[in-house]
Amino acid sequence: MTARRRVHVDGVVQGVGFRPFVFNLAESLGLVGWVSNTSAGVFTEVEGADDALDDFRRRIETDAPPLARVVSVTETPLEPMGDQ
């Protein structure tokens with residue numbers, strides 16, 4: 001089943017390679033969407049299979065770049081957009 005989630009990551013996630021990490025992680029899991037880095041943290045929307053989205057969420061914390069410090073990860077379910 002295809003789903004879409006908005007994911008906000010708060011913590012030390014700027015200037016540590018976090019945005020490229022998120023992009024590469026999503027790509028490796030076959031997810032599509034976008035990622036943005038702001039002063040409030042990293043925001044992303046990802047779409048794909050539910051199990052891949054669950055893995056994405058888990059690995060954001062477990063596989064983060066060495067200099068990153070993830071304080072919190074929040075998710076909001078969204079309607080799939082059919083992104084390619």
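Figures for the structure shown
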{"quantity": "Close pairs from the stretch 11-22: first closer than 16 Å to A40 by Cα, partner open to solvent by 70 Å² or more (accessible area, probe 1.4 Å), Cβ under 7 Å, at least 6 apart", "calculated": "G11/R69; G11/V71; V12/R69; V16/L67"}
{"quantity": "Pick from the stretch 18-54, criterion modelled with pLDDT of 95 or more and in a loop (DSSP other than H, G, I, E, B), ranking: farthest from S72 (Cα to Cα)", "calculated": "G30"}
{"quantity": "When residues of the stretch 23-81 are limited to those that are charged (D, E, K, R) and farther than 16 Å from A3 by Cβ, the one surrounded by the most Cβ atoms within 10 Å (Cβ to Cβ)", "calculated": "R59"}
{"quantity": "Only listed residue being under 23 Å from D83 (Cα atoms) and hydrophobic (A, V, I, L, M, F, W, C), chosen from A68, A52", "calculated": "A52"}
{"quantity": "Every residue from the stretch 1-17 that is in a strand (DSSP E or B), under 15 Å from L53 (Cα atoms) and not polar (S, T, N, Q)", "calculated": "A3, R4, R5, R6, V7, H8, V9"}
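The values are calculated or read from the model by the stated rules, or taken from the named source; none is laboratory data. This one's a predicted model, so the numbers in the text were calculated from it and none came from an experiment. Cβ atoms come from the backbone with ideal geometry, glycine included; neighbour counts cover every protein chain shown. What goes into the accessible areas is simple: the full protein's heavy atoms, side chains included, and nothing from ligands, DNA or RNA. Shrake-Rupley method; radii C 1.70, N 1.55, O 1.52, S 1.80 Å.
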